[in-house]
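Quick notes on the structure that follows.
The values are calculated or read from the model by the stated rules, or taken from the named source; none is laboratory data. Fair warning: this is a prediction, and the values are worked out from it, not measured in the lab. Glycine also receives a Cβ, built like all others from the backbone with ideal geometry; neighbour counts cover every protein chain displayed. In case anyone asks, the SASA skips ligands and DNA or RNA and just uses the protein heavy atoms, side chains included. Shrake-Rupley method; radii C 1.70, N 1.55, O 1.52, S 1.80 Å.
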Amino acid sequence: MPEPVLAVRGLSKSFGDIAALSDVSLDIGAGEVRAICGENGAGKSTLVKLLTGAHRPDAGTIAVDGIDQAIASPRHAEALGIALVSQELSLCPDLSVLDNIWLGSVRVPFFHKRPALRRRAAEVLRLLEADGIGLDTPVGRLGMGARQLVEIARMLARDARILILDEPTATLSDIEIERIFAALLAVRREGRSVVYITHRLAEVFRICDSVTVLRNGAHVATRPVGMLDRNTLIELMLGRSFQEMYPEAGAAARGAVMTVEGLAVPGHVVRFDMEVPKGAIVAVAGQVGSGADEIASALAGLVPDARGRVAVRGRPLPLGSSATALRRGVLFVSGDRAEQGIFRRLRVGDNLVATRLARYVRFGLLDRRGLGAAARRLAGLVGVDRRRMAARAEELSGGNQQKLAFGRCLDRGEPGVLVLHEPTRGIDVGARAEIYRLMRQFCAEGYGIVMTSSELEEIVGMADIVHTLYRGRQVATYARPAIGLEQIVRDITHPAAAADAA
């Protein structure tokens with residue numbers, strides 16, 4: 001058996017009394033794409049930081065090409081051929097693609113020749129089948145998929161042989177994801193190894209050769225992908241049955257909390273109608289560009305040119321104003337937590353009460369004690385650890401950040417409509433179960449939920465009613481128990497669907 005390119009033996013790391021990684025061992029061979037899966041807190045991030053020199057292990061060894069290495073820093077890791085492509089890309093938008101590829105590289109000599117660097121950068125982009133990206137183009141003008149390819153090219157130009165990708169497709173469209181997959185296949189053909197960290201389990205089966213599962217800092221299993229199915233993988237990650245993922249639906253109350261008639265968004269949605277019963281989850285399913293995202297944004301008052309008749313609790317809702325939508329009881333939780341969901345630099349407690357400060361003003365001064373009590377109560381309701389109230393929101397896991405966004409929606413008077421755009425984007429399967437529980441909790445309190453999601457399994461598992469879209473046209477409506485994955489896929493991908501619906 002050939003010697004592994006990367007061999008980890010008995011790796012352990014603790015932070016105070018918390019064991020983040022405990023006696024983890026694994027081998028990765030040349031040309032292998034290895035998925036690392038696990039819930040938030042499973043130890044994935046700690047493992048990556050140990051491999052890239054951001055942390056030093058308390059025990060265990062890391063061997064590269066059979067030689068034990070004490071990886072002292074990220075630059076030392078780079079010199080060993082280990083490179084990380086983080087979810088938060090480290091590119092400079094105002095610099096060209098060429099300059100970004102070589103910026104900060106330890107492999108650029110002081111007296112270098114720019115034409116040689118240009119030739120090498122072009123070679124790497126060709127390898128990734130991305131030679132259509134101009135070397136002189138400012139990175140800020142590129143789409144997210146192209147930026148991700150530039151980040152990968154940046155690492156390959158520095159002769160990285162072990163490439164670690166952390167959630168590389170979390171914010172990409174389907175077309176951009178396909179380009180990333182093609183690039184990774186090219187990397188594998190070169191004999192380079194890939195460590196692939198993702199919450200999108202379908203990608204594990206699409207692109208990876210093997211998968212290592214971590215749980216609570218410990219190694220659970222390493223298996224070839226061909227020996228696993230999705231349910232088994234989820235059960236290994238959670239330590240419990242896959243069937244426990246989706247909570248049972250309660251009985252929807254009589255009457256609609258929202259009605260939508262003839263909703264149109266120029267260039268995106270031709271016409272859309274729906275009714276949202278109290279206590280029900282209504283999903284709008286469609287591919288990227290189908291108009292589903294625009295419908296969610298329009299209902300939240302975020303699309304100025306949206307047209308149609310919308311009513312909430314029987315009262316007409318003028319479109320185009322987020323402030324009006326909020327006053328009428330339409331609460332929006334964005335799938336882009338960093339930009340639209342939370343205040344990343346503020347404390348956890350401040351995030352929970354940031355939109356209700358007016359309630360706690362006394363004689364022109366904020367009632368800090370009242371705000372603190374409200375924040376602690378909301379944290380308890382959504383399952384955020386109250387001991388972390390003083391931590392910054394960006395220090396929390398993706399699942400807990402999403403809980404903050406949910407927490408701000410609670411305690412706003414009469415239940416209205418919760419509009420969720422990609423409610424579990426970038427969240428591991430364990431945290432997803434918690435978000436699903438919160439969604440059903442809102443339903444039990446009388447809210448109606450409108451949900452858009454690119455995860456069709458999530459729609460089938462959670463929705464009580466599903467409306468399908470194809471290129472801006474409504475195709476069909478399904479209600480439990482008639483909701484099925486095959487019908488949804490057919491509706492949102494069949495080219496004849498738009499003509500049938502017209």
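Could you tell me whether segment 103-121 includes any residue that is surrounded by fewer than 19 Cβ atoms within 10 Å (Cβ to Cβ), on the phi > 0 side of the Ramachandran plot and modelled with pLDDT of 80 or more? Taking every residue of segment 103-121 in turn, none turns out to be surrounded by fewer than 19 Cβ atoms within 10 Å (Cβ to Cβ), on the phi > 0 side of the Ramachandran plot and modelled with pLDDT of 80 or more.
Entry remark, segment 14-33: residues being more than 27 Å from L185 (Cα to Cα) and open to solvent by 30 Å² or more (accessible area, probe 1.4 Å) number 8 in total.
Picking from residues in segment 128-157 that are open to solvent by 40 Å² or more (accessible area, probe 1.4 Å) and in a helix (DSSP H, G or I), the one that is nearest to L80 (Cα to Cα) is R147.
State all residues of segment 34-79 that are assigned to a loop (DSSP other than H, G, I, E, B), surrounded by 21 or more Cβ atoms within 10 Å (Cβ to Cβ) and out of contact with any helix residue (DSSP H, G or I) (no Cβ under 6 Å at 6 or more places or on another chain); if no residue qualifies, say none. Across segment 34-79, the qualifying residues are A42, G43.
Being open to solvent by 20 Å² or more (accessible area, probe 1.4 Å) and modelled with pLDDT under 95: is that true of S297 here?
Numbers: open to solvent by 20 Å² or more (accessible area, probe 1.4 Å): yes; modelled with pLDDT under 95: yes.
Against the criterion (open to solvent by 20 Å² or more (accessible area, probe 1.4 Å) and modelled with pLDDT under 95), S297 qualifies.
Just one of the listed residues (G267, G279) is open to solvent by 20 Å² or more (accessible area, probe 1.4 Å), among the small types (G, A, S) and either farther than 23 Å from S454 by Cα or not in a helix (DSSP H, G or I) (or both), and it is G267.
Taken over segment 1-28, the residue count meeting the criterion of being over 19 Å from R56 (Cβ atoms) and among the hydroxyl-bearing types (S, T, Y) is 0.
Taking into account only those residues within segment 345-370 that are within 30 Å of the chain's Cα centre (by Cα) and assigned to a helix (DSSP H, G or I), which is farthest from A431 (Cα to Cα)? Let's see the steps before the verdict.
The first filter runs over segment 345-370 and keeps only residues within 30 Å of the chain's Cα centre (by Cα), leaving 345-357.
Subsequent filtering for residues that are assigned to a helix (DSSP H, G or I) retains 348-353, 357.
Working: V348: 17, G349: 20, D350: 22, N351: 19, L352: 18, V353: 22, L357: 29 Å.
Only one residue fits best here, namely L357.
Table: residues versus (1) more than 30 Å from G430 (Cα to Cα); (2) modelled with pLDDT of 85 or more; (3) out of contact with any strand residue (DSSP E or B) (no Cβ under 8 Å at 6 or more places or on another chain).
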{"site": "A30", "(1), (2), (3)": "yes, yes, no"}
{"site": "G81", "(1), (2), (3)": "yes, yes, no"}
{"site": "V85", "(1), (2), (3)": "no, no, no"}
{"site": "N100", "(1), (2), (3)": "yes, yes, yes"}
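Return yes or no: is A444 open to solvent by 40 Å² or more (accessible area, probe 1.4 Å), farther than 21 Å from S334 by Cα and in contact with a Gly (Cβ under 9 Å, 6 or more places away or on another chain)? Taking the combined requirement at face value, the residue satisfies it.
Listed here are the residues, each with its yes/no results for (1) at pLDDT below 95; (2) within 15 Å of L420 (Cα to Cα); (3) not in a loop (DSSP other than H, G, I, E, B).
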residue	(1), (2), (3)
G301	yes, yes, no
R309	no, no, yes
P318	yes, no, no
A323	yes, no, yes
L326	yes, yes, yes
G335	yes, yes, no
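Pairing residues of segment 1-17 that are outside any loop (DSSP other than H, G, I, E, B) with residues that are acidic (D, E) and open to solvent by 30 Å² or more (accessible area, probe 1.4 Å), at Cβ distances under 6 Å and at least 6 apart in sequence or on separate chains, gives A7/D27; G10/D23; S12/D23; S12/D58; K13/D58; S14/D58.
Residues of segment 439-492 that are modelled with pLDDT of 90 or more, among the β-branched types (V, I, T) and more than 14 Å from A249 (Cβ to Cβ): V450, T452, T468, V475, T477.
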